[in-house]
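All remarks here apply to the structure that follows.
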Amino acid sequence: MTEKKQIRAIKGTRDILPPDSALWNWFERSAREVFETYGFRDIRLPIFEQTDLFARSIGADTDVVGKEMYTFEDRDDSSISLRPEATASVARAYIEHGMHTLPGNVKLYYMGPMFRRERPQKGRYRQFYQVGAEILGQSDAPAIDAEALEMLMVLFERVGLAQTKLYVNSIGCKDCRPKYVELLREELRNVKDKLGADSQRRIETNPLRVLDSKLPEEQSIIEELPRISDHLCEACRQHFATLQQELSLRGIAYEQNWRLVRGLDYYTRTTFEVTAAGLGSQNAVCGGGRYDGLVELLGGHPTKGIGFAIGTDRVILSLQEGEKRLSMPGLAVFVAWMNSATYPTAVKIARTLRDAGFSVELLPEEMKFKKSLGLADRLGARYVLIIGEDEVASGNFTLKRLSDREQKKFSDSALIEYLQLEGRGSGA
Ligand code: HAM
């Protein structure tokens, strides 16, 4: 006999199994509920797009586009990529559907898988999941940034994420940033010999990314570099100051972090990240910022934009480290029938109970009563409904409560009433 090679999930991808999936669903449901109270609505986007959309939005020289995208040729030779993030797709959809004509700000949220070919480790996957929100429109008022951050922190608080820390920064605009980048480049050239290979390369390609470096030997050098906060133009400085007032007004705790530059090219002005407990080195549970030029860059009308994306995998990990478990209602009734004569009644009553909202297990084939009781126990059922020939003849069913083995007889309508009353006490 030839041995069959077992097929496993691809490196960096994973299955999310019950009971964990319940925690995922609950978190995503909480996000929908919170976002909808802030006037956001769901947008469902394609999982793959033209490669050019990401190259133009995120930047061809970024790690995400340069090294991490899953890109392939379609059968018509066009280049398509699995989405590494969804802000670019939201901006494309905004233009494609003429959403600039909609009244007020357009507030959208999305959730789903993203794909980046990174080195897998705890909290870092090649298929990971984001819950994101974007606001597009004509205004760049700092109150919009602050409200987005308020909504984010309200969600994190509501789900009980521990030790969250919000870091904010402003990276300036197309007027002031290039001057700062040039100044930074000159300073970095002076200390080039003391930097690692990656940072040396970034002096020419993208000096801002040097500020992101985690290399211990570079930290004291970076601390001495000029800070963008001292080089913002008047409008950006004012925008950032007002944002901070707005955050205080809303009682949102934050820390300023001048080194927070983010790895995607579309950002202007406000950038932010949130970290949480229990995650080790991959502790950013959310990243985001303002991207005022993006829609125009993609061929749309001049439009302001800001948003964020939460890494759902990391939020769930952090919640689980904090021992977050959901008490699931579980299986309510196990229907045990005796032989082919009682089976049609069992099918009917299982449907009636399910219609009333109970979780029901109905045996698909005949089983000895004792064995089926054992199975009901192992499945964690709260009740076994016994359907024997006497029950079918009398129309009264025997319900056995597994916790104390107490048995009672009911007609089917009385049975539902009883279960509903009992359920109220036990969370069914
Ligand atoms: P990002 O910082 O690249 O931003 O990703 C946001 C979050 O997604 C991260 O903070 C992290 O929690 C999660 N994440 C990223 N890569 C991985 C990975 N390989 N495995 C697990 N989780 C990951 C964006 O994607 C922007 N589109 C956010 C945004 C929206 N900016 C404006 N609007």
| With respect to the numbered conditions (1) surrounded by 14 or more Cβ atoms within 10 Å (Cβ to Cβ); (2) touching a residue at least 24 places away in the same chain (Cβ under 8 Å), which one is the sole condition not fulfilled by LEU326? | (1)
| field | Extreme residue, nearest to GLU68 (Cα to Cα), among residues of the stretch 244-267 that are within 11 Å of the ligand (Cβ to nearest atom) and not aliphatic (A, V, I, L, M) | value | GLY263
| note | Counting only strands (runs of 3 or more DSSP E) entirely within the stretch 99-194, those with at least 1 residues that are near the ligand (Cβ under 10 Å from one of its atoms) and in contact (Cβ under 8 Å) with a residue 12 or more places away in the chain are 106-115, 127-137
| query | Picking from ARG75, ARG83, ARG56, which residue would you name as being free of Cβ contacts under 8 Å to residues at least 40 places away in the same chain and within 15 Å of the ligand (Cβ to nearest atom)? | reply | ARG83
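Results for (1) within 16 Å of the ligand (Cβ to nearest atom); (2) among the polar types (S, T, N, Q); (3) surrounded by fewer than 20 Cβ atoms within 10 Å (Cβ to Cβ); (4) assigned to a helix (DSSP H, G or I), shown as yes or no for each residue.
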{"site": "ARG201", "(1), (2), (3), (4)": "no, no, yes, yes"}
{"site": "ARG209", "(1), (2), (3), (4)": "yes, no, yes, yes"}
{"site": "GLU217", "(1), (2), (3), (4)": "no, no, yes, yes"}
{"site": "LEU225", "(1), (2), (3), (4)": "no, no, yes, no"}
{"site": "SER229", "(1), (2), (3), (4)": "no, yes, yes, yes"}
{"site": "HIS239", "(1), (2), (3), (4)": "no, no, no, yes"}
{"site": "THR242", "(1), (2), (3), (4)": "no, yes, yes, yes"}
{"site": "PHE272", "(1), (2), (3), (4)": "yes, no, no, no"}
{"site": "GLY289", "(1), (2), (3), (4)": "yes, no, no, no"}
| said: Can you say whether SER139 is touching a Lys or Arg at 6+ places or on another chain (Cβ under 9 Å) and surrounded by 21 or more Cβ atoms within 10 Å (Cβ to Cβ), as far as the supplied structure shows? | reply: no
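Residue by residue, here is whether (1) assigned by TED's automatic domain parsing to the domain that holds ASP61; (2) closer than 27 Å to ILE95 by Cβ; (3) in contact (Cβ under 8 Å) with a residue 12 or more places away in the chain holds:
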| site | (1), (2), (3) |
| --- | --- |
| ARG201 | no, no, no |
| SER213 | no, no, yes |
| ILE221 | no, no, yes |
| GLY280 | yes, no, yes |
| CYS286 | yes, yes, yes |
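The values are calculated or read from the model by the stated rules, or taken from the named source; none is laboratory data. What you see is a predicted model, and the numbers here were worked out from it, not measured in a lab. In this analysis, Cβ positions are derived from the backbone assuming ideal geometry, glycine residues included, and neighbour counts consider all displayed protein chains.
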